[in-house]
Ligand code: FES
Ligand code: MG
């Protein structure tokens, strides 16, 4: 398969060796020679390989890529390529205000321009922290030049007094201890910091481990690459192999559109259920698919993924962390279990190493069956999402497998209708409103109420806030009620395990049904029919709609930056991947 591409066909030759335009060629060459590159490296037979660098001091989760890029370079040069490292707009989940999610599309746009507008023949996508993975895959999808993803790897396991402490999940725990007076401010900081003992991304099954695993399940990483912890020697070795491989991919002209096919996305959805992946995954994979022109929506997530069992025992759903996941066999071991049961829909899907997913993973047996469960002994059955619809929204997803027995008793105890419940809606407009009013006794919240969060979607809270998972009022917590049914147009952190109904689309700020809901309305949720409705007559809804329009629509805070404003004007709903309008009509632009 390793036939060498004719150097004259390399994309970079349009810049560096264009016989039709020797003057421009000279001008392009002149400046790239000025830091020591040679003519042989630029205009000879060597493909020019970009390393899309997401690491920086602003992005601690991906910062180790600055080191790893050295091994990527070694691999690229060893295979006969020339390297150009490309800075990517930073997206740090824990550092960016108001939310890192706002910047996914900005990083996407800027990387598209870098790959399209410069002499790049192929690219290594350095992925890791939550939104870096989809942003880079989306750019690779639009430009469609040979691309391979390379994960930074998770942090080492966190420990505190002998117990594993995992990213994000420890924060929920620390909040409880702090509220109960069992730790002070310093203790809070110490406990939380214990979960981050090294370089790398979150060591729990949050959005980062999810998206890195799915990049591998899509076929975009070398097998086993997703889960190797950042400081392990194997991580550096994988960098070298990845660097070598991308050069061959350029010679083979193996493009993202040949790897990220409809079949690959179906495989990824199935793997997402088996690993217990984040509810952010449908937003991001739907986005990557749109940029490739592959049809994919939340109905597909339910159809393909809902009945798949949960195999990976990682926090927040289970006990273990990233190092354990890698040692147990990582993504290849999960895929192998699915293969054995005939649950991987497309073993023949092609991956970046030129082999199929089935070839890469068959026989990769589980090493620690505590951490990755054998397919016959899953942690849960039906670990995927359902897609709910009704007069509240057109689409919202829910992970039904995390509904606790206590929750089921409280909401789903009607023997005639065991999968449905009705409740009184209590509506909050954004996270500030929630924090201000949740403990107000005048709201009369009881253990059968349904809490609603709106104004938290891509437009309302630009980028979408991770706030749908709301705590009950203190007086209910004291009675032992630790969670209420929550529904909203925002997101939920991948490190939280609540059974919320979230990512509701269209959002209130776009005039979705949620904008018409009032505190006190009855709502009905049917998990069997997958419906969610407010029990309000059509006439009343029409009157409310008119009144909303007369008021000028659902109120929103001002944009705080130019990008927030452009984002709001262009963004599409979560169900459509939160992609930018029109951007998804540009395809294959690196091959024109
Ligand atoms: Fe960056 Fe979790 S915050 S990976
Ligand atoms: Mg998050």
Residue satisfying condition, being more than 16 Å from ligand 2 (Cβ to nearest atom) and either surrounded by 22 or more Cβ atoms within 10 Å (Cβ to Cβ) or assigned by the TED database to the domain that holds residue 491 (or both), within set 135, 149 = 149
Filtering the range 104-138 down to residues that are assigned to a loop (DSSP other than H, G, I, E, B) and under 15 Å from the mean Cα position of the chain (by Cα), which residue is farthest from residue 560 (Cα to Cα)?
-> 128
Yes/no for residue 142 being within 16 Å of ligand 1 (Cβ to nearest atom), outside any loop (DSSP other than H, G, I, E, B) and touching a residue at least 12 places away in the same chain (Cβ under 8 Å) | no
Restrict the check to the range 418-431 and report whether at least one residue is more than 30 Å from residue 539 (Cβ to Cβ) and within 25 Å of the chain's Cα centre (by Cα).
-> yes
The correct count of residues that are farther than 23 Å from residue 533 by Cα and either in contact with a helix residue (DSSP H, G or I) (Cβ under 9 Å, 6 or more places away or on another chain) or not in a loop (DSSP other than H, G, I, E, B) (or both) in the range 439-464 is 6
In the range 53-65, the residues that are in contact (Cβ under 8 Å) with a residue 24 or more places away in the chain and either over 18 Å from the mean Cα position of the chain (by Cα) or surrounded by fewer than 24 Cβ atoms within 10 Å (Cβ to Cβ) (or both) = 53, 56, 58, 60, 63, 64, 65
Unique residue being under 30 Å from residue 102 (Cα atoms) and touching a residue at least 60 places away in the same chain (Cβ under 8 Å) when the list is 457, 423 = 457
Mind listing whichever residues of the range 64-88 are within 15 Å of ligand 1 (Cβ to nearest atom) and within 23 Å of residue 463 (Cα to Cα)?
-> 88
Filter pass, residue 246 being closer than 20 Å to residue 333 by Cβ and either in contact with a strand residue (DSSP E or B) (Cβ under 7 Å, 6 or more places away or on another chain) or in contact (Cβ under 8 Å) with a residue 24 or more places away in the chain (or both) = no
Take residue 480 and decide whether it is outside the structural domain of residue 176 (by the TED database) and touching a residue at least 24 places away in the same chain (Cβ under 8 Å).
-> no
Would you confirm whether any residue within the range 149-164 is more than 14 Å from ligand 1 (Cβ to nearest atom) and under 30 Å from residue 28 (Cβ atoms)?
-> yes
By residue number, the members of the range 84-103 that are within 13 Å of ligand 2 (Cβ to nearest atom) and either in a loop (DSSP other than H, G, I, E, B) or closer than 23 Å to residue 122 by Cβ (or both) are 91, 92, 93, 94, 95, 96, 98, 99
Tell me, yes or no, whether the range 540-556 has at least one residue that is more than 28 Å from residue 209 (Cβ to Cβ), at pLDDT below 95 and in contact with a helix residue (DSSP H, G or I) (Cβ under 8 Å, 6 or more places away or on another chain).
-> yes
Give, as residue ranges, the helices (runs of 4 or more DSSP H) completely inside the range 1-83 that count at least 1 residues that are under 30 Å from residue 209 (Cα atoms).
-> 65-78
Please verify whether the range 476-483 includes one or more residues that are part of a loop (DSSP other than H, G, I, E, B), on the phi > 0 side of the Ramachandran plot and surrounded by fewer than 21 Cβ atoms within 10 Å (Cβ to Cβ).
-> yes
Out of (1) outside the structural domain of residue 250 (by the TED database); (2) touching a helix residue (DSSP H, G or I) at 6+ places or on another chain (Cβ under 6 Å), the odd one out for residue 24 is which?
-> (2)
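The values are calculated or read from the model by the stated rules, or taken from the named source; none is laboratory data. No experiment lies behind these values; they were computed from the predicted model shown. Glycine also receives a Cβ, built like all others from the backbone with ideal geometry; neighbour counts cover every protein chain displayed.
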